[in-house]
Amino acid sequence: MKKISRRQFMQRAGIGTLATVGGVQLGFGSNLLSPSGLSNGRDILIYVFLYGGMDGLNLVPPRTGTHATNYQSLRPSIQVPNSQILPLNGNQFGLHPQASGLQTLFNSGKMAIVHATGMLEANRSHFDSITYLELGTPGNKNTTTGWLTRYFESSLATPDDDPLPLMVPNWNSPASVLGSNKALVVGNPADFKLNSGHWSWNDISQVALAGVFDPNGDAAEQTSTLTLNSSDILQGIFDPNTPYVPANGAVYPQDSYLGERMMNLARVIKADVGMEVAYVPFGGWDTHANQDDFGDPANPGEFGLQVQELSQALHAFYTDLSVSHAGKITIVVQSEFGRRAYENADAGTDHGYGNPLLVIGDNVNGGFHGSFPGLGSGDLFEDQDVAVTTDYRQVISEILIRRTKNRFLGHVFPGFSNYSPLGVVQGNDMPPVYDFEFDNIYASGFE
């Protein structure tokens, strides 16, 4: 196993403590007190996780051929009518009618769709599947860190002085950042400030506390300093006296959970404070009943409304950053599993298996990737579900190596050892490293 020097270790080591300001959780590594901007030409990774099991067959329905015939027979009530499926550059598959923003991205070469992705072993439990995916260790829920935590542990290019390397615009911490000393978990960045005592004293109290804590003191003082510093940064970005105007005519969906979070991320990215990764949970996809309604475009049903919000928010985010951060953003959209291939008695779908994964950005190889396993009786997994033909870690690993320049795949995804790029994104390959044990450096000694 390769050794690292004590100096290298100390440069990468962080504070494992957790601080709270305004009820928001925060943990950071050491020496993150000044912004350094974008790092070494690597992409910013935006990971949108669709909680609830998104129905990939209605998001990306087949339009022609045997797949379309089988799809229509499996879903007599909730199939997307062929006349309403949005075409995708002449492909056999199209998009849900509420996904016009995604259609624009795909047809302009800015979006890739990877067929039938998922874990190699099926699991139809929301809790188990989400946990496995967020930990990055399918089949093992006892992992003590999340995959994004290990991503930053193994990143050789993350500057020590990045104040906001990893953001989760949510009220709760996902397992993907379990054990992280980099993650800022904040539902509303504008509220990330002191909120105890009378409001008129908050600003002066924050200044006073900054003078009390020693940034070079013990772990608690360093973490407190980092927390206050991050609060100052966000308050500057989200100045209530400076309304945000999206660039390039981008229009975020109004009164939208996802739209608000994507717009907030755009503001942070434009402030150039070194954000490398954002993990964006977006729930509401568990459509067991009354899933879709194609009779009234103004009332598209539960699933249609979810698709509309997703499509509008992602299109607006891409458009907003398409000039200022051209070629610097990669967006991944994934759910814990797909839905049953056939509809249930309540005009909905139950928990399934294989599902499309979306990748959006200027450096994607637009189009379809992977293989669709089919919907015939001999094709379905356990005679029920779309089978999985691509391990989701293949896609994420390709993005990590080619776009974020992290090749320590064995540390990010323990047990994964067969990287084989599909060509979903552009970039230079590096030899993957599977056996570098960042968590055992003490046992192996220092150079």
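Go through (1) more than 30 Å from TYR342 (Cα to Cα); (2) out of contact with any Pro (no Cβ under 6 Å at 6 or more places or on another chain); (3) not acidic (Asp, Glu) and name the single condition ASN290 misses.
In the conditions (1) more than 30 Å from TYR342 (Cα to Cα); (2) out of contact with any Pro (no Cβ under 6 Å at 6 or more places or on another chain); (3) not acidic (Asp, Glu), ASN290 misses (1) alone.
ASP255 is checked against (1) modelled with pLDDT of 65 or more; (2) over 22 Å from the mean Cα position of the chain (by Cα) and fails just one. What number does that condition carry?
For ASP255, the exception is condition (2).
Of the residues VAL80, VAL114, which is of a type in the set (A, V, I, L, M, F, W, C), assigned to a loop (DSSP other than H, G, I, E, B) and buried (at least 17 other Cβ atoms within 10 Å of the Cβ)?
VAL80
Quick one: which of ALA345, ALA271, ALA326 is without any contact (Cβ under 8 Å) to a residue 12 or more places away in the chain, surrounded by fewer than 22 Cβ atoms within 10 Å (Cβ to Cβ) and of a type in the set (A, V, I, L, M, F, W, C)?
Selected residue: ALA345, the only one of ALA345, ALA271, ALA326 that is without any contact (Cβ under 8 Å) to a residue 12 or more places away in the chain, surrounded by fewer than 22 Cβ atoms within 10 Å (Cβ to Cβ) and of a type in the set (A, V, I, L, M, F, W, C).
Within region 148-169, identify whether any single residue is in contact with a helix residue (DSSP H, G or I) (Cβ under 8 Å, 6 or more places away or on another chain), within 30 Å of ALA341 (Cα to Cα) and not hydroxyl-bearing (Ser, Thr, Tyr), and answer yes or no.
Looking through region 148-169, none of the residues is in contact with a helix residue (DSSP H, G or I) (Cβ under 8 Å, 6 or more places away or on another chain), within 30 Å of ALA341 (Cα to Cα) and not hydroxyl-bearing (Ser, Thr, Tyr).
Just checking, does region 163-170 include any residue being under 20 Å from SER230 (Cβ atoms), among the β-branched types (Val, Ile, Thr) and assigned to a helix (DSSP H, G or I)?
Looking for residues that are under 20 Å from SER230 (Cβ atoms), among the β-branched types (Val, Ile, Thr) and assigned to a helix (DSSP H, G or I), one finds none in region 163-170, hence no.
Out of region 154-174, which residues are in contact with a Phe, Trp or Tyr (Cβ under 9 Å, 6 or more places away or on another chain) and at pLDDT 90 or above?
SER154, SER155, PRO165, LEU166, MET167, VAL168, PRO169, ASN170, PRO174 - these are the residues of region 154-174 that are in contact with a Phe, Trp or Tyr (Cβ under 9 Å, 6 or more places away or on another chain) and at pLDDT 90 or above.
Do we find a residue being assigned to a strand (DSSP E or B) and farther than 30 Å from GLN79 by Cα anywhere in region 417-425?
yes
Please find, among LEU105, LEU57, the residue that is of a type in the set (A, V, I, L, M), outside any loop (DSSP other than H, G, I, E, B) and more than 20 Å from the chain's Cα centre (by Cα).
Result: LEU57 is the single residue among LEU105, LEU57 that is of a type in the set (A, V, I, L, M), outside any loop (DSSP other than H, G, I, E, B) and more than 20 Å from the chain's Cα centre (by Cα).
If I filter region 16-28 for residues that are among the small types (Gly, Ala, Ser), at pLDDT below 50, assigned to a loop (DSSP other than H, G, I, E, B) and surrounded by 14 or more Cβ atoms within 10 Å (Cβ to Cβ), do I get at least one hit?
Looking through region 16-28, at least one residue is among the small types (Gly, Ala, Ser), at pLDDT below 50, assigned to a loop (DSSP other than H, G, I, E, B) and surrounded by 14 or more Cβ atoms within 10 Å (Cβ to Cβ).
Let me confirm something: among LEU105, LEU156, which residue is out of contact with any Ser or Thr (no Cβ under 8 Å at 6 or more places or on another chain) and buried (at least 17 other Cβ atoms within 10 Å of the Cβ)? Give the derivation first.
On the way: LEU156 fails: buried (at least 17 other Cβ atoms within 10 Å of the Cβ).
Going through LEU105, LEU156 in turn, the sole match is LEU105.
Residue by residue through region 255-264, note down the ones that are surrounded by fewer than 22 Cβ atoms within 10 Å (Cβ to Cβ) and touching a helix residue (DSSP H, G or I) at 6+ places or on another chain (Cβ under 9 Å). Walk me through how you get there before you give the answer.
Pass one, region 255-264, residues surrounded by fewer than 22 Cβ atoms within 10 Å (Cβ to Cβ): 255-257, 259-260, 263.
Hits for region 255-264 are SER256, TYR257, GLY259, GLU260, MET263.
Looking at this structure, is GLY301 out of contact with any strand residue (DSSP E or B) (no Cβ under 6 Å at 6 or more places or on another chain), modelled with pLDDT under 95, over 18 Å from LEU105 (Cα atoms) and buried (at least 17 other Cβ atoms within 10 Å of the Cβ)?
Against the criterion (out of contact with any strand residue (DSSP E or B) (no Cβ under 6 Å at 6 or more places or on another chain), modelled with pLDDT under 95, over 18 Å from LEU105 (Cα atoms) and buried (at least 17 other Cβ atoms within 10 Å of the Cβ)), GLY301 qualifies.
Among LEU234, LEU314, which is the only one that is crowded, with 21+ Cβ neighbours inside 10 Å and modelled with pLDDT of 95 or more?
LEU314
The values are calculated or read from the model by the stated rules, or taken from the named source; none is laboratory data. Computed from a predicted model, the values in this text were never measured in an experiment. Methodologically, a virtual Cβ is constructed for each residue, glycine included, from the backbone with ideal geometry; neighbour enumeration extends over all protein chains shown.
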